[in-house]
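Quick notes on the structure that follows.
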Amino acid sequence: MPPTNRPLPASEFRRRRRQLMRMMGADSIAIIPTAREQLRNNDVHFPFRPDSDFHYLTGFPEADAVAVLIPGRKQGQYILFCRERDPQAEQWEGRRAGQEGAREQYAADDAFPIGDLDEILPRMLEQCERVFYAMGCDAQLDRRMSTWIRQVRRKARAGISAPLEFIALDHYLHELRLYKSRSEIALMRRCARISANAHRHLMRVCQPGMHEYQLEAEFIHQCSQAGAREQAYPAIVGGGANACVLHYIENDQTLNDGDLVLIDAGCELHCYASDITRTFPVNGRFSPEQRALYELVLEAQLAAIDEVKPGNHWNAPHERAVKVLTRGLVKLGLLEGRVPRLLRDEAYKPFYMHRTGHWLGMDVHDVGNYKVDGEWRELEPGMVLTIEPGLYIAPRQKGVAKKWRGIGIRIEDDVLVTRDGHDVLSGDAPKTVEAIEATMNEGKT
Ligand code: GLY
Ligand code: MN
Ligand code: MN
């Protein structure tokens, strides 16, 4: 594994558990299950990916596991329930850490077989006043939680008191996840670099007549070769008017000479996402209309990125982007009227119907509140977000000159808030018209 691709160190997971336990206080318990394996068909499963909250606290990669944190517990504060070693099962399905591995490799203070959860967890609940648990995420575990709590309540006459408070664990955990540490930032930078290089590669290999899925295949190949073997989300590769379908993932059409292609794709590295969009001409040269719209989206994107700095609120980049886009659409004749009024009426919405970004982290649409006490949240160092304005002129858009129709453009970067502004993590993917055309025509005759 290249040194830059290393997973986070064990100390990072320990620090997170400590931080959460400090927030929880004494007499409390947190219960965090990992994701469930999902059947794809018959006896074949989808590739397993741990739950992000669970992974954030444990780094434990196996299915069928539940982490329990009990601050101050004498026999150990961090307890991991996981599968037992089983040589026969492991020969077919792959290695397991077992309880010994949970302790030795994953730093659990105590570990039990996952099959013992129903027996052990009610006894742990007996000793706690507050339960931190993300209700509504795992219906099966929710039901078991209810059963365990009922079991504890039934012991009231024996002098055992059931927990008094149930607290949404996700709220606490997601606040922690919103602020990225130095090692998380290094990992996200590496992840964004791998994706950015893959985007650049697509610019080099794209030719009229290729299929959209061939660019998708090239993207995945490049990321996998660089060590990022998962994608953070299914790639969108939309040629021509397909780019106007925001979540287009069919990716099965031919890329035509004279069209643009929009590629929204990002790999995942050790459970951290990147999310990058580039749009470029299939034949390597922008037409005048494509260029005019592209330069407008780029102007909006650069202006929005400029708004990413501590103290600005979450919505500042979006507000800046729609201002630039509206002014530009008027200049190009796609909107008519006075800019302030058009902004008030959201006249840009037929051409720009999504927001300018989202938090980015372990999930592509990462956790963390966007508002605090009803107000847009202030940006702070360590937060990572995407900036992704676009313009989509649908093929049958009314009141628009024919020359604009069927053009869809989005430009998306991953941006870290720093102490004095921002740092674009995905900057290695070319995005000016000149840089794109130069990259596309490198080595071509
Ligand atoms: N790739 C999903 C998004 O850009 O939000
Ligand atoms: Mn995005
Ligand atoms: Mn995206």
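The values are calculated or read from the model by the stated rules, or taken from the named source; none is laboratory data. Worth saying up front: this structure is predicted, and the values here are computed from it rather than measured. All Cβ positions, glycine included, derive from the backbone under ideal geometry; neighbour counts span all protein chains shown. Accessible surface is based on the protein model in full, side chains and every heavy atom, while ligands, DNA and RNA are left aside. Shrake-Rupley method; radii C 1.70, N 1.55, O 1.52, S 1.80 Å.
Here is how the numbers come out for the structure above:
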| item | result |
| --- | --- |
| ³J(HN,Hα), Karplus 6.51/-1.76/1.60, whole Hz, each residue of region 156-169, x for Gly, Pro | 3, 5, 7, x, 9, 9, 7, x, 9, 10, 10, 10, 5, 4 |
| Heavy-atom surface of the chain, accessible at 1.4 Å and reported per residue (Å²) | 48 |
| Ordering of 260-267, 22-29, 294-301 by burial proxy (mean other Cβ atoms within 10 Å per residue, highest first) | 260-267, 294-301, 22-29 |
| Amide N proximity, region 231-267 versus Tyr213 label position 7 Å along Cα-to-Cβ, cut-off under 12 Å | 250-254 |
| Rounded tilt (10° steps) of 182-205 against the dominant C-alpha axis of the chain | 40 |
| Environment charge of Glu412, counting only residues whose C-beta is closer than 13 Å and scoring Lys/Arg +1, Asp/Glu -1 | -1 |
| Solvent-accessible area of Tyr233 with every protein chain in place, 1.4 Å probe, in Å² to the nearest 10 | 40 |
| Mean Cβ neighbour count within 10 Å, used as a protection proxy, ranking 319-326, 363-370 highest first | 319-326, 363-370 |
| Mean Cβ count within 10 Å, highest first, over the residues of peptides 96-104, 334-342 | 96-104, 334-342 |
| 25 °C / 0.890 mPa s Stokes-Einstein diffusion coefficient of region 114-186, Kirkwood radius on C-alpha pairs, µm²/s | 174 |
| Share of carbon and sulfur in the accessible heavy-atom surface of region 378-434 [1.4 Å probe, %] | 46 |
| Accessible-area value, Asp420, 1.4 Å probe, nucleic acids and ligands omitted, Å² | 140 |
| Computed accessible area, Ser224, all protein chains, 1.4 angstrom probe, square angstrom | 40 |
| The chain - Cys residues lacking any other Cys C-beta under 4.7 Å | Cys82, Cys128, Cys137, Cys191, Cys206, Cys244, Cys271 |
| Convex hull volume per residue in cubic angstrom - Cα atoms of region 130-260 | 167 |
| Student exercise, the chain dipole from Lys, Arg, Asp, Glu Cβ charges, in Debye to nearest 20 | 800 |
| Qualifying lysines (Cα of each under 28 Å from Cα of Lys349; at least 8 residues distant if same chain) | Lys309, Lys323, Lys331, Lys371, Lys398, Lys402, Lys403, Lys431 |
| Helix-only mean residue ellipticity at 222 nm for the chain, each DSSP H run of n ≥ 4 adding -39500 (n - 2.57), per residue, nearest 500 | -11000 deg cm²/dmol |
| Global size of region 381-423 as Cα Rg and Dmax, reported in angstrom | 16.4, 46 |
| Mean-position separation - Cα centroids, region 255-334 and region 338-354, in angstrom | 17 |
| Rg(Cα) / (2.2 N^0.38 Å) computed for region 239-339, rounded to two decimals | 1.27 |
| Dipole axis of region 1-109 (+1 Lys, Arg; -1 Asp, Glu on Cβ), positive-most option in Gly72, Ala89, Ile29 | Gly72 |
| Accessible area in the full protein assembly, largest first, 1.4 Å probe, for Lys431, Lys403, Lys74, Lys180 | Lys74, Lys403, Lys431, Lys180 |
| Radius ratio Rg over Rh of the chain, counting only Cα atoms, Kirkwood formula for Rh | 1.04 |
| Contact order relative to length of the chain, as percent, for alpha carbon pairs under 8 angstrom and 6 or more apart | 14 |
| Point-to-point label distance, Gln225-Arg338, nm (Cα→Cβ direction, 7 Å offset) | 5.7 |
| Accessible-area ranking of Val330, Val282, largest first, probe 1.4 Å | Val330, Val282 |
| Sum of side-chain charges, Glu218 neighbourhood, beta-carbon under 12 Å (Lys, Arg +1; Asp, Glu -1) | 0 |
| Net lengthening on full extension, Glu380/Glu104 (0.36 nm per residue, minus Cα-Cα) | 95.7 nm |
| Simple label model, 7 Å out from Cα along Cβ direction - Ala435 to Arg49, nm | 2.7 |
